[in-house]
Structures are given as C-alpha cells and as structure tokens.
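The values are calculated or read from the model by the stated rules, or taken from the named source; none is laboratory data. Keep in mind that this is a model prediction, so the values were computed, not measured. Every residue, glycine as well, gets a Cβ built from its backbone with ideal geometry; the counts of neighbours run over all protein chains shown. The accessibility values were calculated without ligands, DNA or RNA, using every heavy atom of the protein model including side chains. Shrake-Rupley method; radii C 1.70, N 1.55, O 1.52, S 1.80 Å.
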Amino acid sequence: MSSGTLYAPILAEAGIPVVLLDTGRALAAGLRDGSTPGALDFELDFGGDRERLLAHCVAQGVGYVIAGTESGIELVEYLRESIPGCPANSAGGSRKRWDKEAMFSALHENGVPSLRTRAIAPGTELSEDLLARHGASLPAVVKPSTGAGSVGVRMVKDTGELREAVESILGAPGFFGDRPSALVQELFPAPQTEYVVDTSSHDGVHEVLGLSRYDKRLSAQGDFVYERIQWMSPEETPAREIIRYAEEVLRAFGVRVGPSHMEIMYNARTGPRLIDFGARAHGAGHPLKTYKLTGVSQIHRECEYVAHLLRGTALSAAGGSYALPRDGAIIFFSLDEATRCAAQPDEEALRELPGVHEVMVNAVAGRDYPATRSLLDSLDLGLVFLSARDAKQLDEYGGAVREKFASYFA
C-alpha cells in the first residue's frame, strides 16, 4: 500500500480538498498497477510537462504538496519550491533528498558520519582496473542510486560478484524506468542492526514519531531479506543516539517540511550510519499501524499541520512525540527457494491467531513464487501485523504466524 492513498480520508475529515496525481514512474515501479480513482495523470493530462502541472496547481490554489511514494519525490520537490507560498525544503540542491549518490555526498560535506560510497555511472566500461579499484575494500554493498524496497541491493564478496551486481544495475532500466548509477558502498561492520526512523518536519522543526528495528537475513544469493520490523520505545537503548543522528541527517539534507523515512545501521562500536533515506512517509501501510500502537503517525501529524496551515487550526504539542505502551511488529513472509503456493492462504485463519490485528495475503494458490530477494518479493507474498504484552510473547505469536503461512506452500 502506498502512503499516498492514506492521506485523502484524513484530510477530508478536516474539510481539506485533495488533488491526487499519478505518475508513470510509480506505474513502472509497480507501486501502483492501474489508475488511482479520481486522480490526474502526469503523462496523460500534462504531457509529462512539469511547467503545465505547475500552472494547473497555481490556478487551482494548491497550498501544500505531499509525496505519496518514492517515485514522486523529485516532482514534489519542484512543486514545493515553485508554488507561491507553499511550504518547501531548503531551496536548491533537492537531488540530495531523492538520489542516493547525492545523499551520501551531502552527509560527507556536512560532517555527518557516513559510509564510504563510490558511484559507477551508466555507460562506464567495467574494466579489470576499475573493478580492482572498487574491489579493494570488498565485501561491500552494491545498490542503485535511485529506487525503493531494497530492489537491486546486494552484498558482494569478490570482483566477480561485484561485476555481476553492477552490470545488473547499469544494464537495464531502473526501478522507476530510469538509468541509475551503481553505488559501491562500504559494508557496515558487524554486528549489523538496522533501525528505521520515521519523522515529521514543519517549519524546520523535526519530530520523531516512530522508531523500529528490522530483523533481516542474508539469502544464498547475497540479498537482504526482510523478516520482521518491530516498534521500539524512544526510551530504549540505543534510541536516543539514533534519534540525534537522524536529526543531523535531516539538517544535512535541508529538510524543513514533511515526513521522512530513514534506515540507519548501528552498533555500539561504530555508532549510527545512514543506509537509505526517503523524503516521504513510511510505506506498506506502516503509519496506520504506528497510529494503532501509539496514537500518532507521520501521516496524521502531517495532516494536522496541513489543517493548521490551511484552516488555521491549532497544532497540538502532544502530536509531536510518541510512547509505546505495547510491543508490536510486522511479520514479512519470505521463501528460501522457489516454491509453489499449494493451497490458498486463509486470511481468516491467520487473523484468528493470537495477537494478530491485520493480515494482508497476496499469495495465490497454484502460482510459483521465486526465492525472496527484496521487500517487494515479500509483499508479493503478504504480511501480518501483530502486538503482544512483551518481546517474548511477540516472538511466540510471530512463530505461530510463520508456521501457519508455510503450511500453504509445497
């Protein structure tokens, strides 16, 4: 589920009209599989011309612009800067908020601790000399400079794997149908724990509205496979250190308005290091689950800010922070190897398991599924949102969910 579809009903309750816009980049990425009901189409209605779109927004009196998914961030940045009176991020240099090559350069330039990252541009000849230079610090992580959902992100151990990973990025259209560079990035040293920080910014004020920890595993192909994401209290160790680092990242990227979603690696010896950033709300319906656990989310907070701007309502102090009274997690389904779905997964049977709040099953009986290599592969199977009184009970509930789902596969 893209976060963009979650805003409209919340804003409608505040009496704020919403204009939805589809882009071909989202379609190419699979972030939508058809037209959004009632939405304008950037390519069909405006010929892909952002000046025409800008003129339409000005004529319609648009006062605020929201990025629904990763694919729209570049266009959103342009509209925010160009619409008179629209809240915007720091002027100029918006590329650092949507292109990973520019992101890591901005961190380095602003003195924010970061992972060494080198780019290989499209059209570059992958000579043995070039591979040897990039391979001097293997193992490393190779990723496209633009994308989402960990698609195309691989750990490589030798120059043969490095060549294969770089060629797979440079030799085909990227996630959004574009031509990204291939980034060769320093591997964060073990122990490796990944955290996700969800923030909301307004008038240059940064609020942390969710902190989660990813549990991942490394597949036989070298892909990072998501197993679970678990919410954390802002009082847990090392939450405070990670939150301070996240605020440094936001300043380095010139973020002043809107939600951000960043993935940060951490261990006590190295400290926090950014591995990915999105100038938009957390996807996959995550904000609604956060709201159920904490009573606040990035999307609800941004909608409150929009109402504050456009309707003159008060901006609550309580909405700018969160507490976690109950443990919660999302279980991502995955497959170690290509497997056929032998029987249709029973959503109701999964929903009746202890602790389960929501079930999303996308797997279809009779269909063959590949070994899971990315978050999008996991979403193609499904996920379950659950909560429990403590971490031990959460593990027990999650194990029962996985066992039940596995029973539907040959």
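Every residue in the range 363-379 that is in a helix (DSSP H, G or I) and surrounded by fewer than 19 Cβ atoms within 10 Å (Cβ to Cβ), please.
Here is the first cut: in the range 363-379, the residues in a helix (DSSP H, G or I) are 375-379.
Within the range 363-379, LEU376 is the sole residue that qualifies.
The residue of the range 181-202 that is surrounded by the most Cβ atoms within 10 Å (Cβ to Cβ), among those that are at pLDDT below 95 and under 30 Å from LEU288 (Cα atoms), is GLU194.
Here the condition is being open to solvent by less than 30 Å² (accessible area, probe 1.4 Å) and not aliphatic (A, V, I, L, M); of ASP99, ASP129, it holds for ASP99 alone.
Among the candidates ALA363, ALA410, ALA388, the residue that is touching a helix residue (DSSP H, G or I) at 6+ places or on another chain (Cβ under 8 Å) and either of a type in the set (Ser, Thr, Tyr) or within 21 Å of ALA338 (Cα to Cα) (or both) is uniquely ALA363.
In the set LEU315, LEU324, only one residue is open to solvent by 40 Å² or more (accessible area, probe 1.4 Å), on the phi < 0 side of the Ramachandran plot and part of a loop (DSSP other than H, G, I, E, B); that residue is LEU315.
Which one is surrounded by the most Cβ atoms within 10 Å (Cβ to Cβ), of the residues in the range 328-344 that are part of a loop (DSSP other than H, G, I, E, B) and in contact with a helix residue (DSSP H, G or I) (Cβ under 6 Å, 6 or more places away or on another chain)? Looking at the filtered set, the residue picked out is PHE333. Of the conditions (1) touching a residue at least 12 places away in the same chain (Cβ under 8 Å); (2) surrounded by fewer than 20 Cβ atoms within 10 Å (Cβ to Cβ); (3) more than 19 Å from the chain's Cα centre (by Cα), TYR305 satisfies every one except a single condition; which number is it? All conditions pass for TYR305, except number (2). Taken together, SER145, SER105 contain a single residue that is without any contact (Cβ under 8 Å) to a residue 40 or more places away in the chain and of a type in the set (Ser, Thr, Tyr), which is SER105. Picking from residues in the range 147-180 that are among the hydroxyl-bearing types (Ser, Thr, Tyr) and modelled with pLDDT of 90 or more, the one that is nearest to the chain's Cα centre (by Cα) is SER168.
Here the condition is being closer than 26 Å to ASN110 by Cβ and touching a Pro at 6+ places or on another chain (Cβ under 9 Å); of VAL76, VAL58, VAL65, it holds for VAL65 alone.
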